[in-house]
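Note sheet for the following structure.
Coordinate-derived values only; no laboratory data. From a predicted model like this one, the values you see are computed outputs, not experimental measurements. Backbone-built Cβ (ideal geometry, glycine too); neighbour counts: all protein chains shown.
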Amino acid sequence: MNFKEVLLIVNPISGQTNKEKIISCVRDEVVENGLNFHLFSTTGDNDIIKIQNKIQERKIERVIVAGGDGTINLVAEAIKKTDIIMGIITAGSANGMAENLDLPEMVNDQIKVALGTNYMDLDILCLNGIICLHLSDLGINAELIKNYENSSVRGKIGYFLQSIPTLIQSEFPFEFIIETEGNKIEASAVLLGIANANKYGTGANINPHGKLNDGIFEILIFKNLDLLEILKTLRNETDLDSEFVEIITAEKAKITCRKPVAFQIDGEYIGKKTEVEIKILPEKLRIAIPN
């Protein structure tokens, strides 16, 4: 391996995974490969600055993240202007990036990928100044995430249990104005997706033609609550009916809402917004992927 210093960044409160076991497995693999192991646990207090300082002090050459999508985005913000490759260990309640990268399920296999030589230069979206690596949306799914975050049941079953209350309480459809390079359209939708990737962490493929490194993103206008089409999407049957969803490709865009609409980025509820500005950052995120 052409690197020596490895930093494992752990979110101790994400998901329900045993972090001590992950730390032990990563340390063992790193040491067995003749590398130096370093550990950082997030606290929610100036983590980005602390990670950057740790990287400089220890001359870190490879970063491994054990956490969910929120932790991955945090670390991406810290290392986006470097050439450091990031590896991922799935350890959150939402693991959308791992789903989109087709990472193996077993932790030991994920560690081997994280320490491997194969990587992708990933596009980084910026939405109202916040990094987005795979999927963001305005509307009913963001409302679902808000309700999920306020509930006590984690995992896919937690999302399922909140789906009916969300449908009952939601004030869909929502009215949007979408401006891209030279185009401006008005749309009524139950969900407006902003996609750099294909899948939510639940596995639902809402953007079958999206690529993480093609220099563009997709805006997906889900026009109505068609239960048959929703079931097709959840089963990953990818010929989405154009009467159900309209897809726009763009390099930058501005979305304006008639009234405040629930907004989420990579599984993290941000709040209700009336305006979202989207661009692709010039930096790329180097991320370890399977061979």
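Annotation: for a label point projected 7 angstrom from Cα along Cα→Cβ of residue 177, residues of the stretch 112-142 with backbone N closer than 20 Å are 128, 138-139.
So how much slack lies between residue 188 and residue 259, counting 0.36 nm per residue of separation and subtracting their Cα-Cα distance, in nm? Mind showing how you got there, number by number?
Numbers: separation 71, 0.36 × 71 = 25.56 nm, distance 1.22 nm.
My answer for the length gained is 24.3 nm.
Legend: ranking of residues 62, 27 from fewest to most surrounding C-beta atoms inside 10 Å; resulting order 27, 62.
In this simple spin-label model, placing a label point 7 Å from the Cα along the Cα-to-Cβ direction at both residue 216 and residue 3 gives a separation of 3.2 nm.
The length gained by stretching the chain between residue 56 and residue 275 to full extension, at 0.36 nm per residue less their Cα-Cα distance, is 75.2 nm.
Taking the fewest neighbouring Cβ atoms within 10 Å as the starting point, the ordered list for 14, 41, 136, 24 is 24, 41, 14, 136.
Whole-Hz Karplus values for the stretch 62-72 come out as 9, 10, 10, 10, 10, x, x, 4, x, 5, 4 Hz, taken residue by residue from phi with 6.51 cos²θ - 1.76 cosθ + 1.60 and θ = phi - 60°; glycine and proline positions read x. Amide H to amide H under 5 Å from residue 39: which residues, 5+ apart in sequence or cross-chain, H placed 1.01 Å off N in plane? Excluding prolines and chain starts, which carry no amide H, the hits are 8. With both labels modelled 7 Å from their Cα along Cα-to-Cβ, the residue 209 to residue 39 distance reads 4.8 nm.
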